[in-house]
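Structure first, commentary second.
Any read-out appearing in this document is the output of simple, stated calculations on the displayed coordinates, not a laboratory observation. Fair warning: this is a prediction, and the values are worked out from it, not measured in the lab. Backbone-built Cβ (ideal geometry, glycine too); neighbour counts: all protein chains shown.
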Amino acid sequence: MSRQPPLACDLRLEATADPRAVEELTREAFWDVHVPGCDEHYLVHLMRDHADFVPALSLVAVLDGRLVGNIMSTRNRLRAGARELAALTVGPVTVHPDVQRRSIGRALIERVAELGRAQGYAAIVLQGHPHNYVGYGFRNARDLGIVAADGSSPFGLLALELTPGALARETWTTHFSEVFEPSPGLEAFDATFPPRAKGWRPSQELFSMSIRARLG
């Protein structure tokens, strides 16, 4: 099947009227992708009230008046001894299933990278499948001198340097926002959405393997 052409969307900051639509979009896009059901929509809900949320770098994509994508940004801290650098984590990065693989995710990531670079952030660090991010310039974080807080090098720990040379000659540990830690309340929150059956997809096994894999 031939690849469809990119879609030109309007990118803007999330507005006060957008949160529920963003949560609905996120639930639709991630349902059964990583696990039966999903928790990404609840994560998005929690992020907005967290101290590490960066609203100025959290955008939505609008196509013909319809919200079809969004990207959330939180603060990440890179530490090397007494040194600390300000970094970003992006995610969830969401695109409606009807318009996936039409360069909407790329546009959102590239815009946040541009804005984050202008605001002095050293890098974007995230956890995700490399297949989804290497095309945007991301590398395994270890190649940029970044390891997990426990010193390991997960397969899916990825980074994009925003400030050239900022990461040189050091080994950095990355510290994600506590908002990513497990939080109770998912079941009650999901009950505020229309009921939906949970199922299995091969992508869930791929996700399970990728989050457990470590570089030697």
Inset, instruction - Taking the chain as the reference, fit the longest principal axis to its C-alpha atoms, fit the long axis of helix 202-212 to the helix C-alpha atoms, and give the angle between the two in degrees, 0 to 90, nearest 10. - result: 20 degrees
Legend entry - Between the range 6-53 and the range 117-192, the alpha-carbon center distance in angstrom: 18 Å
Legend entry - Using alpha-carbon coordinates, inclination of helix 19-30 to the longest axis of the chain, degrees: 80 degrees
Legend entry - Gaussian network model of the chain, Cα within-10 Å springs - most flexible of Ala118, Ala61, Ala188: Ala188
Inset, instruction - First measure r as the distance between the Cβ atoms of Leu13 and Leu46, then evaluate 1/(1 + (r/R0)^6) with R0 = 25 Å and state the FRET efficiency to the nearest 0.05. - result: 0.85
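Projected area of the range 46-102, taken from the Cα convex hull and averaged over every viewing direction, in nm²? Please list the in-between numbers first.
On the way: hull surface 21.9 nm².
The Cα convex hull of the range 46-102, projected and averaged over all directions, gives 5.5 nm².
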Inset, instruction - Name the most mobile residue of Asp190, Asp98, Asp52, meaning the one with the largest mean-square fluctuation, in a Gaussian network model of the chain with Cα contacts below 10 Å. - result: Asp98
Inset, instruction - Take the alpha carbon gyration tensor of the range 62-138, find the square roots of its eigenvalues, order them as a ≥ b ≥ c, and report rounded if a/c is under 1.5; if not, report prolate when a/b exceeds b/c, else oblate. - result: prolate
Inset, instruction - Run through the DSSP bridge list for the chain and note the antiparallel percent, rounded to the nearest 5. - result: 90 percent
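Could you list Asp39, Asp150 so that the one with the fewest beta carbons within 10 Å of its beta carbon is first and the one with the most is last? Please list the in-between numbers first.
Details: Asp39 20, Asp150 7.
Exposure proxy ranking, most exposed first: Asp150, Asp39.
Mind checking the range 31-103 for trypsin sites (Lys or Arg not before Pro) that DSSP puts in a loop (not H, G, I, E or B) and that have at most 15 other Cβ atoms within 10 Å? Present the calculation step by step, with values, prior to reporting the outcome.
On the way: sites: Arg48, Arg66, Arg75, Arg77, Arg79, Arg83, Arg101, Arg102; in loops: Arg48, Arg101, Arg102.
Answer in residue order: Arg48, Arg101.
Over the residues of the range 94-216, compute the C-alpha Rg and express it relative to 2.2 N^0.38 Å.
Values: Rg = 16.8 Å, N = 123, 2.2 N^0.38 = 13.7 Å.
My calculation over the Cα atoms of the range 94-216 gives 1.23.
Does the range 117-179 come out rounded, prolate or oblate, given a ≥ b ≥ c as the square roots of the eigenvalues of its C-alpha gyration tensor, rounded meaning a/c under 1.5 and, failing that, prolate meaning a/b above b/c? Don't skip to the end; give the middle numbers.
Working: a/c = 1.34, a/b = 1.09, b/c = 1.22.
The shape class here is rounded.
How do Thr173, Thr192, Thr94 line up, fewest other C-beta atoms within 10 Å first? Don't skip to the end; give the middle numbers.
Working: Thr173 14, Thr192 9, Thr94 28.
Least to most surrounded, the residues fall as Thr192, Thr173, Thr94.
Tell me the relative contact order for the range 64-216 as a rounded percent, counting alpha carbon contacts under 8 Å between residues six or more apart. If you can, show how the numbers build up before the last one.
Details: 225 pairs, mean separation 35.8, N = 153.
So the answer I get is 23 percent.
Give me Glu114, Glu23 ranked fewest to most by other Cβ atoms within 10 Å of their Cβ, as a rough exposure proxy. Intermediate values should be presented prior to the final figure.
On the way: Glu114 11, Glu23 22.
Lowest count first: Glu114, Glu23.
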Legend entry - Largest-first ellipsoid semi-axes for the chain, taking √(5λ) over the Cα gyration tensor eigenvalues, angstrom: 27, 20, 18
Inset, instruction - Mind telling me which of Gly105, Gly37, Gly165 comes out most flexible in a GNM of the chain, alpha-carbon contacts under 10 Å? - result: Gly165
Legend entry - Computed [θ] at 222 nm, deg cm²/dmol, the chain (DSSP H ≥ 4; -39,500 (n - 2.57); rounded to nearest 500): -7000 deg cm²/dmol
